[in-house]
Amino acid sequence: MLVVPLGGSPVVANEADLVARAQHDRLDFALLYREYLSHVYRYCYRRLGSQEAAEDATSQVFAQALAALPRYRDGSFRAWLFTIAHHVVIDEVRRRHPASSLDVATTVVDPAPSLDDIVIRAEAGQTIAALMRQLSPAQQQVLELRLTGLTAVEIAAVMGRSHGTIRDLQHRTLVRLRDLLGTPEEDGGAGDVS
């Protein structure tokens, strides 16, 4: 069942029914694709950093999801889809950076920021990109998944961790961001991390 808001795109009203329909009729998968395409693309783009890599990864995510759809069982389809996206992104990162010999470790790296880093810092509205680099990989991932709209329960499924662990990681991430921004905690809590 789809609900079309005034002037907007269709929104999945009952995801479980739509997934069940898509399992029996591949044409219904197009509705799921339209619903989650931009979210998956943004996640891949944030993780991979280039439009071309994000487009390729997004295509792989949906191709794998379509192929695996008959085996999908209960639970959050969105979390299942982002689990696939997570694995595709990891595979792409590994492909880009294959294991190197220890000889590479002796190479001196220029400590000056790259031109890309300077441009990102200079652009208005890019504060988050600069802050993200200062977070741990797990904090970056939990923040990126949260920004795509996943709940803590869905993030836990994607990352293969418990809900409590993810809530704690989200809390630590928010505290770290506040520290980096120099923003004091006003209400004694770190916001809604449910």
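Taking into account only those residues within the range 1-40 that are in a strand (DSSP E or B) and over 17 Å from A79 (Cβ atoms), which is modelled with the highest pLDDT?
Going through the qualifying residues, I end up with V11.
Just one of V88, V104 is exposed (fewer than 14 other Cβ atoms within 10 Å of the Cβ) and either of a type in the set (V, I, T) or modelled with pLDDT of 90 or more (or both); which is it?
V104
Answer yes or no as to whether A124 is modelled with pLDDT under 85, within 30 Å of L37 (Cα to Cα) and either acidic (D, E) or outside the structural domain of L37 (by TED's automatic domain parsing) (or both).
When the stated conditions are applied, A124 passes them.
Could you tell me which of the residues D117, D168 is modelled with pLDDT under 85, out of contact with any Leu (no Cβ under 7 Å at 6 or more places or on another chain), surrounded by 13 or more Cβ atoms within 10 Å (Cβ to Cβ) and closer than 27 Å to H87 by Cα?
Details: D168 fails: modelled with pLDDT under 85.
Only one candidate qualifies: D117.
If T58 satisfies every condition in (1) modelled with pLDDT under 90; (2) under 12 Å from the mean Cα position of the chain (by Cα); (3) β-branched (V, I, T) but one, which is the exception?
That leaves (1) as the condition not met.
Would you confirm whether or not the range 92-100 contains a residue that is among the polar types (S, T, N, Q) and surrounded by 14 or more Cβ atoms within 10 Å (Cβ to Cβ)?
No, because not a single residue in the range 92-100 is among the polar types (S, T, N, Q) and surrounded by 14 or more Cβ atoms within 10 Å (Cβ to Cβ).
List pairs: first residue in the range 21-34 and of a type in the set (D, E, K, R), second residue not in a helix (DSSP H, G or I) anywhere in the structure, Cβ distance under 8 angstrom, at least six positions apart or on different chains.
Every condition considered, the pairs that remain are R34/S9; R34/P10.
The values are calculated or read from the model by the stated rules, or taken from the named source; none is laboratory data. What you see is a predicted model, and the numbers here were worked out from it, not measured in a lab. All Cβ positions, even for glycine, are placed from backbone atoms using ideal geometry, and neighbour counts span all protein chains on display.
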